[in-house]
Structures are given as structure tokens and as C-alpha cells.
Amino acid sequence: AQSVTQLGSHVSVSEGALVLLRCNYSSSVPPYLFWYVQYPNQGLQLLLKYTTGATLVKGINGFEAEFKKSETSFHLTKPSAHMSDAAEYFCAVSSSGYSTLTFGKGTMLLVSP
Amino acid sequence: DGGITQSPKYLFRKEGQNVTLSCEQNLNHDAMYWYRQDPGQGLRLIYYSQIVNDFQKGDIAEGYSVSREKKESFPLTVTSAQKNPTAFYLCASRLLGIQETQYFGPGTRLLVL
């Protein structure tokens, strides 16, 4: 069975600082991995995804993530945080023969001025 | 304007009452999904459907029912058997194909009176 662990339910950074949100997964098949962002009382928006090919994936709003098979990780980074990045972030892995997603419990990113 | 619509935005349920949440998409997506979101729990899959007139249970299907009579519609009924229905409900859809992305609607918040 697939599972996702997001380390840290809350991460606080200062504006302009590096953002690092951690995601580790387990999967019995080659994983497809996703990061979504959710603003309060809204649906989820895709930030980026890894399926095959290049292991460093660039997404929207300056975010990127690197797939590391040996570490079973897919951490999300952004060089410089902006106030508008404050939101909840979810990592997900494909499951059930790639027809569904298994989500982590989410990490709330807090950005202070 | 293509997208996924969910209605209503807020829904109130009385004890012992069944309520139905609407999800419609005009993206011509094949698969549709229902998730439940509780604080600190991430997203948990309730039901999904990959084709009209067929659907599968997710991880927390007890107390819920669905139908898929049309490709663009996937309503979710929260029955009186669901003892703790207060949550944020998210609908998603995607094209079939293992690399395809799930796209999310804006969500419905269900509250019990």
C-alpha cells in the first residue's frame, strides 16, 4: 500500500527565507508524486508533479521539488518566501494502479514579515 | 469557462437527515472523486468513478453513497448513518491515463445543526 509522510504540521519562515517542506513516501510501484497548495476555504491547486524523466521538477510560483528514489523523498523548496505563499501544502502519491491518490496530512506554511 | 463546480458552498444538516452535495465538471474528464477533509487529517478518499454507471469505494465510504448517471456529474449523499459528517468535502476529476492530474473543485463545507 502507498503512504505519504509530511514532516511537520506547521513550518514558519520569514519573508525572503528559504522554504523547505518535507515529503517521504512509500510505494510498491514506481511512484508518481504531486504537490498541491490549498488556500483557506478553497480547493486544491496543483503546484507540480513528477511522473517520469527529470527528477528535478519546476512548478508554479517559483516552487520546485526533487524526486530522490534512494531516499524515497520528494521535498518541496522555494528560494525566497513571499507573504502570498502562506497556505497549506499537500504531498500525494499515486495509488490503486495509478487511478487514485494517497495524500499526506498536510503542512501549514506560515510566513512572517 | 471550464472547471469543476460544487454546490452549495455551505450546507447544514439536521440530525437523521440525508443531504446531497453536487459536483459538476465541464472538462470532459472521465474520472471523478470525492474526498473528505478534516483538520490535520489531510484528504481521505470516499468514492471514485472512472466511467458512467460505475464507481468504487474509497477508504471511508461508510455512511456515504454516490451515483454517476452522467459523465459530467457525480453527486455525493451523506446519509444519516454517517455519525460525524461535519467536514470540508472536495470533488475532483481527471482524464484517464496514468500520468493525468486530478483537478479540484472549490469544496462544500457541511455542518451539523
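The values are calculated or read from the model by the stated rules, or taken from the named source; none is laboratory data. As the structure is a prediction and not an experimental result, all values here were calculated from the model. Quick reminder, even Gly has a Cβ in these numbers, built from the backbone with ideal geometry, and neighbours come from all protein chains shown. All accessible areas refer to the heavy atoms of the entire protein, side chains included, with ligands and DNA or RNA removed. Shrake-Rupley method; radii C 1.70, N 1.55, O 1.52, S 1.80 Å.
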Only one of (1) without any contact (Cβ under 8 Å) to a residue 60 or more places away in the chain; (2) outside any loop (DSSP other than H, G, I, E, B) fails for residue B:93. Which number is that? (1)
Suppose we keep only residues that are more than 8 Å from every other protein chain (Cβ to nearest Cβ) and of a type in the set (Phe, Trp, Tyr) within the range A:68-113. Which one would you say is farthest from residue A:9 (Cα to Cα)? A:74
For residue B:59, only one of the following conditions fails: (1) touching a strand residue (DSSP E or B) at 6+ places or on another chain (Cβ under 9 Å); (2) closer than 18 Å to residue B:7 by Cβ. What is its number? (2)
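Going through B:55, B:12 one at a time, which residue ends up being of a type in the set (Phe, Trp, Tyr), modelled with pLDDT under 95 and either in a loop (DSSP other than H, G, I, E, B) or open to solvent by 70 Å² or more (accessible area, probe 1.4 Å) (or both)?
Details: B:55 fails: modelled with pLDDT under 95.
Just one listed residue meets the conditions, B:12.
Give the residue that is farthest from the other protein chains (Cβ to nearest Cβ), with candidates limited to residues of the range B:38-49 that are open to solvent by 30 Å² or more (accessible area, probe 1.4 Å) and at pLDDT below 95. Steps first, answer last, please.
Keep residues of the range B:38-49 that are open to solvent by 30 Å² or more (accessible area, probe 1.4 Å), which gives B:39-41, B:44.
Still in the list and also at pLDDT below 95: B:39-41.
Values: B:39: 9, B:40: 6, B:41: 6 Å.
Once the filter is applied, the top-ranked residue is B:39.
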Within the range A:46-64, is there a residue that is touching a Gly at 6+ places or on another chain (Cβ under 7 Å) and touching a residue at least 60 places away in the same chain (Cβ under 8 Å)? no
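This table checks each residue for (1) open to solvent by 40 Å² or more (accessible area, probe 1.4 Å); (2) part of a strand (DSSP E or B).
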residue: A:22; (1), (2): yes, yes
residue: A:71; (1), (2): yes, no
residue: A:93; (1), (2): no, yes
residue: A:110; (1), (2): yes, yes
Of the residues in the range B:60-113, how many are surrounded by fewer than 18 Cβ atoms within 10 Å (Cβ to Cβ), within 14 Å of chain A (Cβ to nearest Cβ) and in contact with a Gly (Cβ under 7 Å, 6 or more places away or on another chain)? 1
Selection within the range B:61-90 - without any contact (Cβ under 8 Å) to a residue 24 or more places away in the chain and part of a strand (DSSP E or B): B:65, B:70
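Looking only at the range A:6-20, how many residues end up being in a strand (DSSP E or B), open to solvent by less than 80 Å² (accessible area, probe 1.4 Å) and in contact (Cβ under 8 Å) with a residue 60 or more places away in the chain? It would help to see each step written out before you state the result.
Residues of the range A:6-20 in a strand (DSSP E or B): A:6-7, A:10-14, A:19-20.
Those left that are additionally open to solvent by less than 80 Å² (accessible area, probe 1.4 Å): A:6, A:11, A:13-14, A:19-20.
From the residues that got through so far, the ones that are in contact (Cβ under 8 Å) with a residue 60 or more places away in the chain too are A:6, A:11, A:13-14, A:19.
Total meeting the criteria: 5.
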For the range B:22-37, state whether one or more residues are away from every other protein chain (no Cβ under 14 Å) and open to solvent by less than 50 Å² (accessible area, probe 1.4 Å). yes
Selected residue [closer than 24 Å to residue B:59 by Cβ, open to solvent by 10 Å² or more (accessible area, probe 1.4 Å) and more than 14 Å from the chain's Cα centre (by Cα)] from A:53, A:97: A:97
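Report yes if some residue within the range B:40-47 is out of contact with any helix residue (DSSP H, G or I) (no Cβ under 6 Å at 6 or more places or on another chain) and assigned to a loop (DSSP other than H, G, I, E, B); otherwise report no. Walk me through it before giving the result.
Within the range B:40-47, the subset out of contact with any helix residue (DSSP H, G or I) (no Cβ under 6 Å at 6 or more places or on another chain) is B:40-47.
When the remaining residues are screened for being assigned to a loop (DSSP other than H, G, I, E, B), the result is B:40-41.
Yes, there is a match, as at least one residue in the range B:40-47 is out of contact with any helix residue (DSSP H, G or I) (no Cβ under 6 Å at 6 or more places or on another chain) and assigned to a loop (DSSP other than H, G, I, E, B).
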